[in-house]
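Taking it in order: structure first as structure tokens, then the write-up.
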Amino acid sequence: MIVRGRYRHSLLVARAGLLFKGLAPAGVDGREARLNALITDHFDFIWRQLRHQGLAPHDADDAAQQVFMIATQKLDDITPGAERSFLYGTALRVGANRRRAAKRRIADGDDRTLDALVSPAAPPDAETELRRAWSLLDELLASLPGELSRVLALAEVEELKVSDIAALEGIPVGTAASRLRRAREEFGRLLRASRHKNPFGQDSG
Amino acid sequence: MSDDDSTDELARAIFEAARQRRPSNTVREATRAAMLLASGTRNVTRRRLAWAGLLAAAAMLIAVLVLRGREATTPAISAEDVSSWRPRETKPLATPSAGETLARPSRVEDQLSSPPRQVVRPRAEKHVEVEKPPEPRPAPSLSDEVGALDRVRSALSANDAARALQLLDEYDGVLHGTKLTAEATLLRVEALSRSGQRGAAVRLARRFIEANPGSPLAEGARAFVERAAAEATAARPDSGLQ
């Protein structure tokens, strides 16, 4: 495409200029910087989306790595600024394939070795509450249709605007807003039915 | 508080907890290493080819200039010069006459003729030294290992592959890292490749693939091996990669 050609042309010009100046070509460092930015800016987000799709922690790890290796191979085709959209779309496909291949759904709360905490020094009670909350969220999201659980997670967990959600999902803004409304209603109904599993301050089950 | 309000509050708490969910640093950093390995080789190769071409052109230019300069300063050899040439006179090597021996180095002779010194060792004192068991080495923390491999990446970014390899040896032999060994292996493949040890890099990448066949990180190693094979074939069409 034109964008791709322009991008490569600009890289070649930059490299040639720096070569004659006796410096290392900027293209190499630029590519590495872009790859590092992909990981730093988007890895956690993509990993969470894969978890919200119903993948077990180890499956989400493998799937996330697969998503980013695909992005590495296609980096030149990714429009600068559109990395998140590319990664999200790839994650949906990779996650769907992984779910079909997975032999069990996420229901196992024993993911303490794989899901890291923001504050590892948190007291044990807080850690337990967090993990119970994650487990309950996974269970409730798994009870929703995929198109509703995704928009709900993007809105409530990632705190994205409806317009950004629509762009990621590739749907009109009105459709995204409608799905989000339905998702919130359904999630609320499911949560009320699961009040006995409140992870905060009570024993679950 | 109504049921709806309490449900909304519970939902907010659950979503707030979900925002604190993170993948492990190990997974994240191992993915980063694999991505850089899969991508970096191609660009390093392109850069090397560009520099090699530039250096070759510069070398040719210098050679031409030198040859032209020699032609201008070196006088032509005339026929008279050739006819007047005589070989240099050289001194014959000294050879011992009958009955004469070449003197040996005096120091050696002294050592052979003098009686050996008698070394008197003091009687060992009676004390028993108990060898203390070495204190167990504390296992490096994940942050130690991440920091160590960050320094490796910095060295690679600064095009100092030798330094990167040295740091990786320290990671293995001094720090005894255990949590990021996959990432360290991929970084070593990259460092070996950048330092010109392509064969060693390929062998290490293949061992990583054999040990981790299903790992997505192996994709980076496979891409590297395939590229190395393609480059070797392109450079020498009649031979394959060993």
Subset of segment A:145-170 [open to solvent by less than 10 Å² (accessible area, probe 1.4 Å) and in contact with a Phe, Trp or Tyr (Cβ under 7 Å, 6 or more places away or on another chain)]
A:152, A:157
From (1) crowded, with 17+ Cβ neighbours inside 10 Å; (2) modelled with pLDDT of 95 or more, pick out the condition that doesn't hold for residue A:198.
(2)
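Please pick out the residue among B:41, B:31 that is of a type outside the set (A, V, I, L, M), at pLDDT 90 or above and open to solvent by less than 10 Å² (accessible area, probe 1.4 Å).
Working: B:41 fails: at pLDDT 90 or above.
Among B:41, B:31, only B:31 is of a type outside the set (A, V, I, L, M), at pLDDT 90 or above and open to solvent by less than 10 Å² (accessible area, probe 1.4 Å).
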Within segment B:169-186, identify whether any single residue is over 22 Å from residue A:66 (Cα atoms), modelled with pLDDT under 90 and among the aromatic types (Phe, Trp, Tyr), and answer yes or no.
yes
Taking segment A:30-52 as the search range and keeping residues that are more than 13 Å from residue A:89 (Cα to Cα) and among the polar types (S, T, N, Q), which one is farthest from the other protein chains (Cβ to nearest Cβ)?
A:40
Tell me, which residue of segment A:144-170 that is touching a residue at least 24 places away in the same chain (Cβ under 8 Å) and more than 14 Å from chain B (Cβ to nearest Cβ) is nearest to residue A:91 (Cα to Cα)?
A:168
Whichever residue in segment A:171-190 is buried (at least 21 other Cβ atoms within 10 Å of the Cβ) and within 14 Å of chain B (Cβ to nearest Cβ) and, among such residues, is farthest from residue B:21 (Cα to Cα)
A:183
Within the group A:14, A:60, A:26, which residue is more than 7 Å from every other protein chain (Cβ to nearest Cβ) and either at pLDDT 50 or above or farther than 23 Å from residue B:194 by Cα (or both)?
A:60
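Kindly establish whether residue B:163 is of a type in the set (Lys, Arg) and modelled with pLDDT under 85. Can you show your working first?
On the way: of a type in the set (Lys, Arg): yes; modelled with pLDDT under 85: no.
For residue B:163, the condition - of a type in the set (Lys, Arg) and modelled with pLDDT under 85 - is not met.
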I'd like the residue in segment A:63-93 that is crowded, with 18+ Cβ neighbours inside 10 Å and among the polar types (S, T, N, Q) and, out of all such residues, is farthest from residue B:39 (Cα to Cα).
A:90
Show the residue pairs meeting these rules: Cβ distance below 8 Å; 6+ apart or different chains; first residue within segment B:1-29 and more than 16 Å from residue A:133 (Cβ to Cβ); second residue among the charged types (D, E, K, R) and part of a strand (DSSP E or B).
B:23/A:115; B:24/A:115
Among the residues of segment A:111-169, which ones are small (Gly, Ala, Ser), modelled with pLDDT under 80 and either in a loop (DSSP other than H, G, I, E, B) or touching a helix residue (DSSP H, G or I) at 6+ places or on another chain (Cβ under 7 Å) (or both)?
A:116, A:119, A:121, A:122
Applying the selection to segment B:158-199, what residues are crowded, with 19+ Cβ neighbours inside 10 Å and in a loop (DSSP other than H, G, I, E, B)?
B:177, B:179, B:180
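The values are calculated or read from the model by the stated rules, or taken from the named source; none is laboratory data. Please read all numbers here as calculations on a predicted model, not as lab measurements. Cβ coordinates were reconstructed from backbone atoms using ideal geometry, including for glycine residues, and neighbour counts include every protein chain displayed. Only protein heavy atoms, including side chains, enter the accessible area calculation; ligands, DNA and RNA are left aside. Shrake-Rupley method; radii C 1.70, N 1.55, O 1.52, S 1.80 Å.
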